[in-house]
Every structure is written in structure tokens, then in C-alpha cells.
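A.B. asks: Take a look at the following structure, please.
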Amino acid sequence: MSLAVMQKDGLHVEGVALTEVAARFGTPCYVYSRAALTAAYAAYRDALQAHGLADRSLICYAVKANSNLAILNVFARLGAGFDIVSGGELARVIAAGGAADKVVFSGVGKSRVEMRAALEAGIHCFNVESASELAQLSEVAGSVGRRAPVSLRVNPDVDARTHPYISTGLKSAKFGVAFGEAFDLYRRAAALPHIAVKGIDCHIGSQLLDPAPAAEAADKVLALVDRLAAAGIALEHIDLGGGMGIQYRADEPAPTASAYLAPMLAKLEGRREQLVFEPGRSLVGNAGLLLTHVAVLKPGEEKHFAVVDAAMNDLMRPALYDAWHEIVPVSATKVGAGGTAVDTPMNYEIVGPVCESGDFLGHDRVLTLNEGDLLAILSAGAYGMAMASNYNSRPRAAEVMIDGNDIHLIRRREMVPELFALESVLP
């Protein structure tokens, strides 16, 4: 939430005024801070170091949160591993300079082509999510003369107490192997000649503000690890997933990495296994924002609308989850000679130009607005550009990275002809 700082000439990210970013690259435009990305990663590393666990831990950034090559490259330079859910994400990690042997491959529907590519790249581990996937992976590994390193993603049936769409650890979820079936599936995996059992994985959901559910899941995972060891299946690593939440509302408390990890790390002290974590949102969410201009102010009898040039295709979370993002003016407050605001605040619906009633970015926002004003939609670094689309044939936004006083264009805005370049009319 503290990414942008108000100065006399408006909001700044690091040493750059956001008005300058908008003037150079237009809007909508995603803006990220390299310093914020680095600090978020360091918070995890320092928390592990404080418990003496940094040397046998691997922090795997969850690529699905934001897969821009520049962001992946920042984390690769910091020594991060990566949690991927597709072959395309593996290709991005490698193109960004990430190490394949620090990659864990999650997801319920890995194709045989993706399995083969990951085996050939030499990834750290497959997080297997079903008995069928295990059998398919064994066949693919045998066809290329390799042994596939695997963990089972175990579903501990723990309520993450988050939005149903991002809760993944209950019995009703499509993710993972049922806890009661995991032991037998591990024994089956250990007997397969082209499978190398390496670890265990657990991820119960996203945007967790309370560490208690993750700690509860860790208890169940560790009990299973010890049961497996007693049966002669010794695991090399324990992957406790990610999911730590961030602050979206100004008055919303959010845990630090140290506070969130502490209950889990206390349970892990003294163990020999490598520890793996898969943070995504907590590394990038508050390191990015979305710039947008007010195109039209449309007062109405029941609601007042501010139509901006960003839309649900640029930032899907509000329409998809009814998610909240703080929306703030980029320019400093305009005051008159008497020191009072020039314009009167009004209660606005912040909406986009997409032809859907669900196209909104914020409900009931009290703002002082004029047409042409520049707004910043905060905490948009995670699941923003990563979920963007071309709905209504709208080009996707530009993305820039602020690094001190420097501005780097890390993805140019799409051009309309590019949107249909792969299509053709009938003969």
C-alpha cells in the first residue's frame, strides 16, 4: 500500500513522478517498483535467516501472480526459485534467466508435452496432484530415459478462511491428493522405476491474513512426513506453499513475512529436510499499481459514474472476486485561495468503457474528480496484468519498472492490428 508517496508535484514511485510515467507511456499503464520487489523477497529471506533456516530453504516465486520477464529476472538475480503451473511459465522463467533446477511444477492438468519439456530442462520437482498424473508422468519419464523427481501435493482439508475462489485446501477443491489417500499413493510412487520421490507439497489458498490455517496444515503435513519415514520413504524436502496476504485496504492489517512464517518455522526447527515456500501475491502485489485517466464524469439520479480508460480487461480482480483496490488521485489536492478544496468530493462508481455491467474497478469511492484526472489503482502488482485480456478488442496496457530515478519500459502497449494478426478471413 505504501508504494506511492505523495510529494508536492503528486505521487511518486521511488524517484519518479507518476505524471511523468503517464505522459511518456500513456494509460492504462502498470507501474512496478524494483525496490519494493527486492524488499518483499528480502523479508522472506530474513525471516528464514532469523530461524537459522536460510541455507536449506528455497523461495520459489509463484509465476502466475505476475509473469513479466523483468519481474522474473529481478527475482532470479536475487537467487529465487520459481513455482510454475504451465509449460509457458517454464519457458518464461528460463528466458528471464531463472535456473530450471530451482523450479517446482504445480497444477492439476499438466500435459505430456509439458512434462517432457520440464524433464528435459531438469526442474527441481513436479508437484503431482493425482494418481492419474503420477502414472502419466512415469510413462513420459520412461520414454525419455529419466526418473521424474516428484512431491505429492497433499490436500489437508484445512479451511484457509479466504475467498472461495482462492481457497484450495478443502475436500471440495480440485487441487491436490486427498490426505487420507496420500500415504498409499506415496508407496505406489516409490515403487515406480521412473519416479524419484523427493518431497511433499501443500498449498491451502491465497490472501491468508491469519497464519493459523497454514500452521494447522503444516502439522498435518509433518505427521505424514514422519509416517512415511517410518515406512522407509524418507523425503528430501517439505514444501509448505505460499498464500500470505497483503494489505489492500488502508485500514486492513496484514502480516509481515516474519510473523506469518513464525508458527510454521517453529515446527520445522531441528528437521533435516530442505524447506520450500511458494509466495506470489506477497512478493509482487503491493509492488505495483495501475495508472488510469478519468475519461468521462457521468452524474446520475442514483449513482455518479467516473468512466476511466482502464477496465475489467486490464484489472479483472474487482469484477471476478469483488476485490477491493484503493483508488487515489495522482496529483496533489487542489486548493483555493482560502485553503479549501476547489471541487466538492462526490461518491463515485469507478468504471471502465467495456460493454459489461460488471466492468467496475471500485464501488462507492469518495473522490474529488475532474475529467482528465490521473488516478492510481493500488496493490495491482499481483493478478493484474497476468489476468488481462483483449476483451472488446482492447489492447493490453503498457508495463514499466521504476528503478531509483530510472524508468524502464518492460512491456510496450499492444497495437490493435496485433490483436487479430493470427486470424484470417474466409476465402
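A.B. asks: Using θ = phi - 60° and the Karplus form 6.51 cos²θ - 1.76 cosθ + 1.60, what ³J(HN,Hα) does each residue of the stretch 349-362 get, whole Hz, x for Gly and Pro?
C.D. replies: Those phi angles translate into 8, 8, 10, x, x, 5, 7, 8, 5, x, 7, 9, 10, x Hz.
A.B. asks: Give the long-range amide H neighbours of Phe126: residues separated by 5 or more places, or on another chain, with amide H under 5 Å away, using H modelled in the peptide plane at 1.01 Å from N.
C.D. replies: Here Phe105, Val150, Ser151 satisfy the definition.
A.B. asks: Take the alpha carbon atoms of the chain, find their radius of gyration, then divide it by 2.2 N^0.38 Å using N residues; give the quotient.
C.D. replies: Compared with the compact-globule rule of thumb, the chain sits at 1.06.
A.B. asks: Read phi for every residue in the stretch 241-252 and hand back ³J(HN,Hα) as whole Hz from Karplus 6.51 cos²θ - 1.76 cosθ + 1.60, θ = phi - 60°, with x for Gly and Pro.
C.D. replies: x, x, x, 4, x, 10, 7, 9, 9, 4, 9, 9
A.B. asks: For the stretch 258-362, which trypsin sites (Lys or Arg not before Pro) pass both filters: DSSP loop (anything but H, G, I, E, B) and at most 14 other C-beta atoms within 10 Å?
C.D. replies: Sparse-neighbourhood loop trypsin sites (Lys or Arg not before Pro): Arg271, Arg272, Lys303, Lys334.
A.B. asks: Same structure again: Please compare each pair in Lys220/Lys267; Lys198/Lys267; Lys174/Lys220; Lys64/Lys174; Lys64/Lys267; Lys110/Lys198 to a cut-off of 23 Å on the Cα-Cα distance and tell me which ones are over it.
C.D. replies: Beyond 23 Å: Lys64/Lys267.
A.B. asks: So which trypsin sites (Lys or Arg not before Pro) in the stretch 1-95 are both in a DSSP loop and have at most 14 other Cβ atoms within 10 Å of their Cβ?
C.D. replies: Those that pass, being in a loop and sparsely packed, are Lys8.
A.B. asks: Going by amide H atoms built from the backbone, whose H comes under 5 Å of the H on Gly362, apart from near neighbours?
C.D. replies: Under 5 Å from the amide H of Gly362: Ile350.
A.B. asks: For the stretch 133-140, in order, what is each residue's ³J(HN,Hα) by Karplus, 6.51 cos²θ - 1.76 cosθ + 1.60 with θ = phi - 60°, in whole Hz (x at glycine and Pro)?
C.D. replies: 4, 4, 5, 5, 5, 4, 5, 5
A.B. asks: Oh, and also: Relative to the Cα centre, what is the charge dipole magnitude of the chain, using +1 at the beta carbon of each Lys and Arg, -1 at the beta carbon of each Asp and Glu, and rounding to the nearest 20 debye?
C.D. replies: Here the chain has a charge dipole of around 1100 debye.
A.B. asks: Specify, per residue and in Å³, the volume enclosed by the convex hull of the alpha carbon atoms belonging to the stretch 34-281.
C.D. replies: Hull volume normalised by residue count: 115 Å³.
A.B. asks: Taking H placed 1.01 Å from N in the peptide plane, check which residues at least 5 places from Asp83 or on another chain put their amide H under 5 Å from its amide H.
C.D. replies: Tyr61, Ala62, Val63, Val104
A.B. asks: Counting only C-alpha contacts under 8 Å and six or more residues apart, can you give the relative contact order of the chain as a whole percent?
C.D. replies: Normalised by residue count, the contact order of the chain is 20 percent.
Values in this text are rule-based calculations from the coordinates and carry no lab data. Nothing here was measured: the structure is a model prediction, and the numbers come from that model. In this analysis, Cβ positions are derived from the backbone assuming ideal geometry, glycine residues included, and neighbour counts consider all displayed protein chains.
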